[in-house]
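These notes are about the structure you will find just below.
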Amino acid sequence: MLLQNHIELLTDHAKRNIPNESCAILFGKIENENFIVKDVFLTKNIENSSINFTISNDELITAYGEAEKRKLEVVGIFHSHPDSNAYPSTTDKKYMEINPVPWVIFSNKNKEFKAYIFESEIMPVSLEIR
Ligand SMILES: [Zn+2]
């Protein structure tokens, strides 16, 4: 579950990073197997690429520290696809296997948000926006 203001923040972040992919870490809580996003931690795509993203180790350490400080968990990973659909790329799928949290993808092309998780295969996650 994402709040409308998270959607606005992420959409804005994705727009500002065009032509490159943007990325962020989603903080929140897991309640009854539902992922509730409480906060968005915007990160830098150090690859400066329109088809891939990488968050630096330094920023990952900062993000996990912040989550702990706010008594939240990392419940998702966000990134945007400037020119393609909101569906995981081959590279995304590889990293999704390593990070089995919901991956939220925003397509600047279709202006839509989708979420997926790796559970022995790529599965769609329903994305509730309040
Ligand atoms: Zn991707």
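Residue 41 fulfils the conditions (1) closer than 21 Å to residue 118 by Cβ; (2) aromatic (Phe, Trp, Tyr); (3) open to solvent by less than 50 Å² (accessible area, probe 1.4 Å) except for a single criterion, (1). Summed over segment 97-111, residues that are more than 11 Å from the chain's Cα centre (by Cα) and closer than 15 Å to residue 23 by Cα total 3. A count restricted to segment 66-86 and to residues that are in a strand (DSSP E or B) and closer than 13 Å to residue 52 by Cα stands at 4. Entry remark, segment 81-110: residues being in contact (Cβ under 8 Å) with a residue 40 or more places away in the chain and closer than 16 Å to residue 129 by Cβ number 3 in total. Scanning segment 93-120 for residues that are surrounded by fewer than 20 Cβ atoms within 10 Å (Cβ to Cβ) and touching a His at 6+ places or on another chain (Cβ under 8 Å) gives 107, 109. Within segment 1-31, the set of residues being part of a helix (DSSP H, G or I) and touching a residue at least 12 places away in the same chain (Cβ under 8 Å) comprises 4, 6, 7, 9, 10, 11, 13, 14, 15. The sole residue among 88, 19 that is within 15 Å of the ligand (Cβ to nearest atom), of a type outside the set (Lys, Arg) and under 16 Å from the mean Cα position of the chain (by Cα) is 88.
The values are calculated or read from the model by the stated rules, or taken from the named source; none is laboratory data. Since the model is a prediction, treat every value here as computed from it, not as a measurement. FYI the Cβ positions are ideal-geometry reconstructions off the backbone, even for glycines, and counts take in every protein chain you see. Side chains are part of the model used for accessible areas, which takes the heavy atoms of the whole protein and leaves out ligands, DNA and RNA. Shrake-Rupley method; radii C 1.70, N 1.55, O 1.52, S 1.80 Å.
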